[in-house]
Every structure is written in C-alpha cells, then in structure tokens.
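Worksheet: one structure, shown below.
Any read-out appearing in this document is the output of simple, stated calculations on the displayed coordinates, not a laboratory observation. Please read these numbers as outputs of a predicted model, since none were measured by experiment. Neighbour counts are summed over all protein chains in view; Cβ atoms, including those assigned to glycine, are modelled from backbone coordinates with ideal geometry.
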Amino acid sequence: MKIVPLLALTALVAGCATVAPPQGPRFDHSLTAKAQSDRVKYVILHYTVSDLPRSINTLAHGTQVSAHYLLTDTEPPFFYTLVDESRQSNHAGLSSWKIYNQLNSASIGIEIVNPGFKETAQGRVYAPFSQAQIDQLILLLKDIVKRHNIPMGNILGHNDIAPQRKQDPGPAFPWKQLADAGLIPWPEPSRVAARLPGLQEQMPDVTWFQRKLAEIGYAVPQNGELDQATRNVISVFQTKYRPSLYDGTPDAETAAMLDVLTSPVPAVPAAPVPAPVTEPASVPIESP
C-alpha cells in the first residue's frame, strides 16, 4: 500500500521537471497611451571654459559631468555625440525654470568649446564664439526643436536656469542670431522704443521687476528688495538681451524689454471686407 503514493509522487516530480521555466515578462505592444509627453522639454547651452582635449576628458571620460553634445572649436567645427538623447546627461546641476527643478531630467545639454573669460586690468573679458560654431549650433537646434516639439522660449543658457552660480554661455554668445533663426523670443525693438519714454519718466519698483522676471521663468526672490540675488537675475537677463551693459541695475531699457517679452503682441484688426458691388442688369436696346 505504501508503493502507490511513492509512485504518484515520483510521477508528479517528473512532470514538473518537464515544464519550461519562464523566459521573461510577456508584453503586448498593441496599445499606446494618449497621456504621455516627450522627456525633452528644454535645451541648455553651455561653454566649456577649456580647450578641446580637456573638454573631452571632462565630459566623456569624467564621472561627474556630461553633455549630450560637445561642439568643437575646430575648423570646421563638429559635434561629438556623448549621451543619447533618450538618456539623462549631468549638465544642468541645481537648476530651475518655471515649474521645473533639476532640469537634467527634462533637457538636452549642449557644451560649446570656448575658454569662457579671463580677468584683465580692464575687467572681465569674454572670448568670442566663431561664426562657424554658431552656424552648426543653429542647425542642430532646429533639428532638436523639430523632433521634440520644443517651444520657442525653452532654449536657455546655463545662467538662465542657475543665475546665482553660473555665467555661461556669457555675454559674448550671440543670442540675437538664434532669435533671427526663429529659435528664441526677442523683444521687438520698435515696441521697446515705444515703451521707453514712459518707463524713463516713471520707473517700476523692484517688485515689478521680480514679478516680470518670474513670469518669464527665472527663479528670483519675490521680496521687493534689490538684494544680490535679484541683481544676479537681472544681470543674466541683461547678458542675453543687452550684453552691452549687464551690471544688474534695474533701468528703464531693461524694464522695456521685460515688458515687451511678457506682453502679447497686439492683434491687428482685420480690414473690413467691402460688400460686393452688384452690377445693374443690362437692358437690351431695341432696334427702331
């Protein structure tokens, strides 16, 4: 009587041994959720503050920082693709813009080989970018914007998203060329000129400047005080839109540019459509 259960147990164990183990999770790729968006919301521009070999060593072989693209200063310049766009690179650090913090996870980082600045007896002097570099950069930016559907106001400098600790890409970077290429918004000069007289007559207070800067996207104090943190943000704004003077002083021209950038362009009323003219019916002339 004891042999039968033993045989049954042996058969059960043998049967289990013949079942193939699972090879991994099973997927059905026939459905796609509508509620999703692209990881990439921003493009952040940097300068490397070093030459090409050191830039490669830092961004490609180092373990602390990286970028998706490195634009060389060679002739002609070209891009090293260091991190795939689907992955996060460590280029932004502590950062903020509008509702986003820590922009590494939501951005593409582009480093441009450029020595940055040097201190001289006449003050800090920033190195220029070659026109060939800017031409290549615009081509890449247009491609990224098209593929990721990035809004015009979301191509930024490192100093825009970290105004208390960063200067790059600095006042020598030609932001106006990016505006002319349709990549970033720009304060239209005629609208700035129209607002300037009134703002020169009555300057807005610091609270107004802080509110307008925050409306654009900057992380700026909202305390009504012209403290150093507020000056730093104003200086970054001036660096981009008025690089001839970026001392962080809230003046009328800065106010006019801020006002234009945060005010929608007035809609031009459509010209009235004239009513169609009805020609009188022709009356045939009878022969006498």
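Summary table below
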item: Listed peptides 125-133, 37-45 by packing density, highest first (mean Cβ within 10 Å); result: 37-45, 125-133
item: Cα shape, the chain, gyration tensor, a/c 1.5 rule; result: oblate
item: Relative contact order (%) - criterion: Cα under 8 Å, at least six apart; region: the chain; result: 16 percent
item: Net charge over other residues, Cβ less than 15 angstrom from the Cβ of residue 209 (K, R count +1; D, E count -1); result: -3
item: For segment 42-180, alpha-carbon Rg relative to the globular expectation (2.2 N^0.38 Å, N residues); result: 1.00
item: Full-stretch length increase - residue 205, residue 120 - with 0.36 nm per residue and alpha-carbon distance subtracted; result: 27.2 nm
item: Separation of alpha-carbon centers, segment 22-64 and segment 78-137, rounded to whole Å; result: 15 Å
item: Pairs of lysine residues in the chain - Cα separation under 23 Å, sequence separation of 8 or more or cross-chain; result: 25
item: Inter-probe distance in nm under a simple model that places probes 7 Å from Cα toward Cβ, at residue 249 and residue 223; result: 2.3 nm
item: Coil-residue trypsin sites (Lys or Arg not before Pro) of segment 51-137, DSSP, other Cβ within 10 Å capped at 13; result: 87
item: Simple spin-label estimate for residue 61 and residue 33 in nanometres, 7 Å along Cα-Cβ; result: 4.2 nm
item: Taking segment 189-261 and dividing mean pair separation by its residue count, relative contact order in percent (alpha carbons under 8 Å, at least six apart); result: 37 percent
item: Peptides 102-109, 253-260 ordered by average Cβ neighbours within 10 Å, highest first; result: 253-260, 102-109
item: Rounded to 5, the percent of DSSP beta bridges in segment 42-180 classed as antiparallel; result: 45 percent
item: Beta bridges by DSSP in the chain, antiparallel share as percent, to the nearest 5; result: 45 percent
item: Segment 42-180: relative contact order as a whole-number percent, Cα under 8 Å and 6+ apart; result: 30 percent
item: Packing rank of 182-191, 73-82, where each peptide gets the mean count of other beta carbons within 10 Å, highest leading; result: 182-191, 73-82
item: Helix-derived mean residue ellipticity, 222 nm - over the chain, DSSP H n ≥ 4, -39500 (n - 2.57), to 500; result: -10000 deg cm²/dmol
